[in-house]
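The values are calculated or read from the model by the stated rules, or taken from the named source; none is laboratory data. Keep in mind that this is a model prediction, so the values were computed, not measured. Here Cβ is always computed from backbone atoms with ideal geometry, including for glycine, and neighbour counts include all displayed protein chains.
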Amino acid sequence: MRKLLERLAAGDVLVADGAMGTMLMERGLQAGQPPESFNLEHIDVLEEIGREYLSAGADIIQTNTFGASRLKLSQYSLEKQVAEINKNAVLAVKRAVAERAYVSGSCGPTGKFLKPYGDIEPQEMVDVFREQIGALVDAGVDIICIETMIDLQEATYAIKGARRISSSIPVMATMTFDHTPKGFYTVMGVGIEEAAKGLEIAGADVVGSNCGNGIENMILIAKEFKQYTKLPVIIQSNAGKPELEGDRAVYPETPDFMAVKARELISLGVSIIGGCCGTTPAHIRALRKAVDSSRD
Amino acid sequence: MDLLQDISLALQEGNCEKIEVLVRQALSAQVFPKDVLDRGLIAGMNVIGEKYKNHEIFLPEVLLAAKAMYKGMDVLKPLFLKSGIPTLGRVVIGTVQGDIHDIGKNLVAIMLRGAGFDVLDLGKDVPAEKFVEVAVKEEARVIGMSALLTTTMSAMKEVVERLKKRGLDGKIKTIIGGAPVSADYARHIGADAYGYDSVNAVEWIRKLTAQS
């Protein structure tokens with residue numbers, strides 16, 4: 001496989017995979033159970049999901065390790081199993097893709113605030129990410145994906161944690177924005193310009209946004225990212241905002257709708273397009289088609 | 001008079017040290033503790049709430065202001081020992097069972113306390129029966145429930161149904177919030193209100209407690 005960053009520099013557009021949580025729920029994940037518990041008990045399920053996204057045409061498959069930092073896992077008393085939980089997830093995806101796609105190590109927020117807003121010291125934050133990312137890299141991921149960040153400082157420490165582990169591994173970093181009347185801001189008040197520049201300075205190779213928005217808002221977000229950074233941009237959109245059908249939440253954006261809109265992302269120069277909450281292998285298949293047809 | 005204004009400003013800046021000094025100063029200048037609370041701390045939090053609602057400030061500023069507010073309240077508490085800090089009523093809140101996401105719920109607790117409510121925060125992953133049990137025992141007027149996950153929001157329905165079963169619907173009001181829920185969902189499960197953000201939740205709880 002050619003190196004990810006070379007392909008992006010050459011102008012290739014890549015497709016990333018879709019949601020993990022909903023796929024796990026369909027396969028027995030209960031409310032209140034951490035998704036990462038599957039990394040200890042149902043590794044075969046992770047492999048199966050990886051295969052599904054691979055056959056849908058994803059170039060990048062993420063590991064089920066979004067909440068696999070010790071700070072997050074401690075909420076479920078699993079903090080002593082960081083190494084095993086991360087390793088098992090990586091090996092499952094590696095088996096599923098067998099070098100046909102990049103394995104991306106997912107790394108989400110710790111759920112804790114840094115001082116002075118919360119209790120976490122900067123050094124602890126770096127250590128927490130270094131521990132998780134170390135486990136991901138040891139197990140053989142091709143990429144680190146720091147995602148769904150709302151605090152630029154925490155994202156920066158995560159990127160630093162990754163860089164302490166490896167100076168060469170590609171690091172993607174994405175933040176989640178809310179649409180306010182004054183523009184797009186994270187919950188912690190980080191705007192897109194600040195995010196794009198801050199993540200780049202921190203040492204990310206690919207920057208962008210995931211979660212929080214459907215694809216139409218993501219087009220607006222991508223436009224701004226392209227304005228403020230020369231780095232490749234990644235966009236992983238939700239399938240819209242969940243709507244209620246009785247007691248069930250249903251994501252309204254269809255694969256076809258997202259594929260049509262994805263063409264706008266491609267023409268804006270977005271380098272990696274994938275899905276987040278509510279997207280399925282069908283969405284990724286449609287995005288694959290959109291990306292392939294844009295080359296013709 | 002200016003001292004109260006200064007307390008409000010120090011709170012808005014999230015300056016804990018300054019708050020402590022100013023509150024003590026106010027008290028030794030014979031300002032009524034109730035005035036320090038209402039026209040200093042709560043007045044400051046009202047400004048914070050308003051600015052947050054208008055996206056002029058974000059979560060970090062609110063968290064710092066809350067720390068300052070708690071600092072100020074700690075100084076006041078001993079003076080209200082007999083009667084307790086005067087409140088607009090007691091609210092039990094928590095994130096529902098199966099959900100450990102508590103940023104939104106914590107923010108509502110901050111805004112409620114900042115508005116002068118007495119908040120019993122049950123934390124996260126709170127079973128339905130616990131919401132009801134504590135609300136009854138502690139004579140709360142409102143139960144506030146939060147969920148971030150689409151899979152856990154149905155737990156809110158159970159709380160509403162348990163209240164109904166015990167004949168407490170109408171007596172103990174319910175309000176829900178969180179990314180996956182909506183006013184429609186509140187109606188659907190029979191909750192009394194839906195707060196679309198923390199400030200809106202406080203506005204609703206004011207209305208709900210004024211009715212009963």
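Key figures
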read-out	value
Which numbered condition A:Arg285 misses (of (1) under 15 Å from the mean Cα position of the chain (by Cα); (2) over 18 Å from A:Gly108 (Cα atoms); (3) not small (Gly, Ala, Ser))	(1)
Meets criteria (β-branched (Val, Ile, Thr) and farther than 30 Å from A:Thr176 by Cβ) for B:Val134	yes
The stretch A:6-16: number of residues that are of a type outside the set (Gly, Ala, Ser) and exposed (fewer than 15 other Cβ atoms within 10 Å of the Cβ)	1
Single residue of the stretch B:96-151 satisfying the filter (among the polar types (S, T, N, Q) and in contact with a helix residue (DSSP H, G or I) (Cβ under 7 Å, 6 or more places away or on another chain)) that is farthest from B:Gly14 (Cα to Cα)	B:Thr151
Hits in the stretch B:44-71 (condition: aromatic (Phe, Trp, Tyr) and closer than 12 Å to B:Leu107 by Cα)	B:Tyr52, B:Phe58
Any hit, the stretch A:264-276, residues being modelled with pLDDT of 95 or more and within 14 Å of another protein chain (Cβ to nearest Cβ)	yes
Residue under evaluation A:Gln236, criteria (1) in contact with a strand residue (DSSP E or B) (Cβ under 8 Å, 6 or more places away or on another chain); (2) within 14 Å of chain B (Cβ to nearest Cβ); (3) surrounded by 20 or more Cβ atoms within 10 Å (Cβ to Cβ), criterion not met	(2)
Some residue of the stretch A:240-251 being more than 14 Å from every other protein chain (Cβ to nearest Cβ) and crowded, with 17+ Cβ neighbours inside 10 Å	no
Residue ranges of strands (runs of 3 or more DSSP E) in the stretch A:169-274 with at least 1 members β-branched (Val, Ile, Thr)	A:171-175, A:178-180, A:206-210, A:233-237, A:248-250
Residue check for A:Gly108: touching a residue at least 24 places away in the same chain (Cβ under 8 Å) and in contact with a Phe, Trp or Tyr (Cβ under 6 Å, 6 or more places away or on another chain)	yes
Matching option when the condition is touching a residue at least 24 places away in the same chain (Cβ under 8 Å), surrounded by fewer than 18 Cβ atoms within 10 Å (Cβ to Cβ) and not polar (S, T, N, Q), among A:Lys197, A:Lys87	A:Lys197
Residue in the stretch B:187-212 that is surrounded by the fewest Cβ atoms within 10 Å (Cβ to Cβ), counting only those that are within 24 Å of A:Val187 (Cα to Cα) and within 14 Å of another protein chain (Cβ to nearest Cβ)	B:Tyr196
The stretch A:95-117 - residue that is crowded, with 17+ Cβ neighbours inside 10 Å and more than 18 Å from the chain's Cα centre (by Cα) and, of those, farthest from A:Gln62 (Cα to Cα)	A:Tyr117
Matching entry among A:Ile159, A:Ile192, A:Ile219 (being touching a Lys or Arg at 6+ places or on another chain (Cβ under 8 Å) and at pLDDT 95 or above)	A:Ile219
Out of B:Asp125, B:Asp121, sole residue that is closer than 24 Å to A:Lys112 by Cβ, surrounded by fewer than 23 Cβ atoms within 10 Å (Cβ to Cβ) and away from chain A (no Cβ under 14 Å)	B:Asp121
Matching option when the condition is within 14 Å of chain B (Cβ to nearest Cβ), part of a loop (DSSP other than H, G, I, E, B) and buried (at least 21 other Cβ atoms within 10 Å of the Cβ), among A:Ala58, A:Ala19	A:Ala19
Condition broken by B:Val199, with the remaining ones in (1) part of a loop (DSSP other than H, G, I, E, B); (2) at pLDDT below 95 satisfied	(1)
Residue among B:Lys51, B:Lys77 that alone is at pLDDT 95 or above, over 21 Å from A:Lys112 (Cβ atoms) and in a helix (DSSP H, G or I)	B:Lys51
Residue within the stretch A:70-81 that is away from every other protein chain (no Cβ under 13 Å) and either under 19 Å from the mean Cα position of the chain (by Cα) or of a type in the set (Asp, Glu) (or both) present	yes
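Conditions tested, residue by residue: (1) away from chain A (no Cβ under 14 Å); (2) closer than 30 Å to A:Pro252 by Cβ; (3) surrounded by fewer than 22 Cβ atoms within 10 Å (Cβ to Cβ).
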{"position": "B:Val96", "(1), (2), (3)": "no, yes, no"}
{"position": "B:Arg113", "(1), (2), (3)": "yes, no, no"}
{"position": "B:Val134", "(1), (2), (3)": "yes, no, yes"}
{"position": "B:Lys157", "(1), (2), (3)": "no, yes, yes"}
{"position": "B:Gly167", "(1), (2), (3)": "yes, no, yes"}
{"position": "B:Lys173", "(1), (2), (3)": "yes, no, no"}
